[in-house]
1. Of everything in segment 369-384, what is surrounded by 13 or more Cβ atoms within 10 Å (Cβ to Cβ) and over 25 Å from Val312 (Cα atoms)? Give them in sequence order.
2. Report those strands (runs of 3 or more DSSP E) wholly inside segment 314-379 carrying at least 1 residues which are within 21 Å of the chain's Cα centre (by Cα).
3. Restricting attention to segment 319-339, and to residues there that are farther than 21 Å from Val365 by Cβ and of a type in the set (A, V, I, L, M, F, W, C), which single residue is surrounded by the fewest Cβ atoms within 10 Å (Cβ to Cβ)?
4. Taking the stated definitions as given, is Val128 in contact with a helix residue (DSSP H, G or I) (Cβ under 8 Å, 6 or more places away or on another chain) and closer than 30 Å to Leu326 by Cα?
5. Can you report the number of residues in segment 125-143 which are in contact with a Lys or Arg (Cβ under 8 Å, 6 or more places away or on another chain) and surrounded by 17 or more Cβ atoms within 10 Å (Cβ to Cβ)?
6. Which of the residues that make up segment 286-318 are of a type in the set (A, V, I, L, M) and surrounded by 16 or more Cβ atoms within 10 Å (Cβ to Cβ)?
Amino acid sequence: MSGLGFPRTGDTVKPAAHLRRPLQNFHIASTFRARSNIKLQAMDTHKTGQTMDRIDENQLTPAPQSRLPQHVPFAKRSRAARASIALAVALAIGAGSYYGWNAWNGAGEHPAQYATAVAQRGDLEDTVTATGILQPRDYVDVGTQVSGQIKKLHVEIGSAVKSGQLLAEIDPTVYLSKVDADRAQLRTQEAQLADRQAQLALAEQQFKRQTNLMNEKATTQDALDTAAAALRSAKAQIDVLKAQADQTRSSLRGDEASLSYTKIYAPMSGTVVSQSAKQGQTLNANQQAPIVLRIADLSTMTVQSQVSEADVSKLRVGMDVYFTTLGNQNNRWYGKVRQIEPTPQTVNNVVLYNALFDVENPDRVLMTQMTAQVFFVTAQAKDAVQVPITALQPAGTGSGERRRGNAADAKGTSNPGAAPKGSSSGRTGQSALDARTRLGNGRAMVRVVKPDGTLEDREVRVGVISRVSAQIVSGLEPGEQVVTGSATPKPASAAKSGNNNAPKMQPRI
């Protein structure tokens, strides 16, 4: 049996090197299919009864391809199908991109759509706006003329007081002592004056006696001169005492006044709106008069409004004015300009002038230091035909362009790049000017929408002009529609983009 190549008993069987490589290749995925379809001649020989000997790798031949006719055509069909699907998807994406690009850039090819407004009647006014502060027209700061400690406060903030009512008391001890001293000194001087008056009477009698004796030659001249000097001295001393008494009386009146100032009375009727001092506080009136409280008459309020130097020339004394407050913007308070102060105030390099006007406040709704939004009425019109200011263009400007635009609108082929009349983009030279300046001559042009949808340029007469509307004196009837601007929407991405002049590029397919 050894001649047939079989191993003997006890021999170690080791696979030949030429058999290990086919077994390794058998497990490789790329050669699995080919190895599974080959025919081993040695196995066929074994089936026919031939002796199995060493098998050469070259004898392992692949099976004929005709046995598996379905594998190769299926792979070819799969690759063709995938290529067809990929081509179809690419064409669909390219067509969608091209359509989207045309839709993006072809919006202006459609006829322009316009925003319109209807002319209607209503009240119109042109105003100059400003801000102001509410203050009482009549008020007084109540202070003290003497120093001392506040002994008692009889009122508080919000208290209604009458003229002459006691408001506060200051400790009167020092001032009362001065009054008592002045009165005592005055009594002393009055007693001295009485004594001098008695001395004067005696001096008069002695002088009269010496005069009579001198006439009879019964006395000497020296005695007569002494009596006369004593009389004059008595009179002089009486005059001194009278002057001292008058001085003491004057000091007494001053000290009595200071004593009376320790009680503070209301100088006017009104309401206590502020209180600067408290009970027990010591006030020093030597350097300046300290303020204790403020009394104001809240029945009439004054609005102190600050107007810019650009608008102050439009104001005049006696013009109508009204204002609203932050807490009640639906209610208006009316008045007339009372005063325009000639001296301005500079706030943050802005020159402002104060314009004052008064309003009645019977219900005490208005309070001090309220902020007011003030409107000075420079012109007004009642029940007037009015249109938005965006619908007006100065007459005599761009008439040729308007005629060409109307012709294009009538044909339905308006220029997509031209803004319709009344739009902000169509006012290249006029947008920076105020409407009152642009329409200062009273003539304007509007585009009227006819019942058939066509547009008509029409000249109108303009009256009062506000910031948003204008009065139409003639040329337009209520109910007619006018063009105010273009209503063609812009793409959202274009609105977000800051560079609107960037070149447009077709998408890549």
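Quick note: the coordinates plus some simple rules give every number you see, no bench work behind them. Source: prediction; values computed, not measured. Positions of Cβ are generated from backbone atoms using ideal geometry, with glycine treated the same way; all protein chains shown enter the neighbour counts.
1. Passing the criteria: only Ala384.
2. 320-325, 345-347, 350-360
3. Met319
4. Yes.
5. Residues flagged as in contact with a Lys or Arg (Cβ under 8 Å, 6 or more places away or on another chain) and surrounded by 17 or more Cβ atoms within 10 Å (Cβ to Cβ) within segment 125-143 amount to 4.
6. Val292, Leu293, Ile295, Ala296, Leu298, Met301, Val303, Val307, Val312, Leu315
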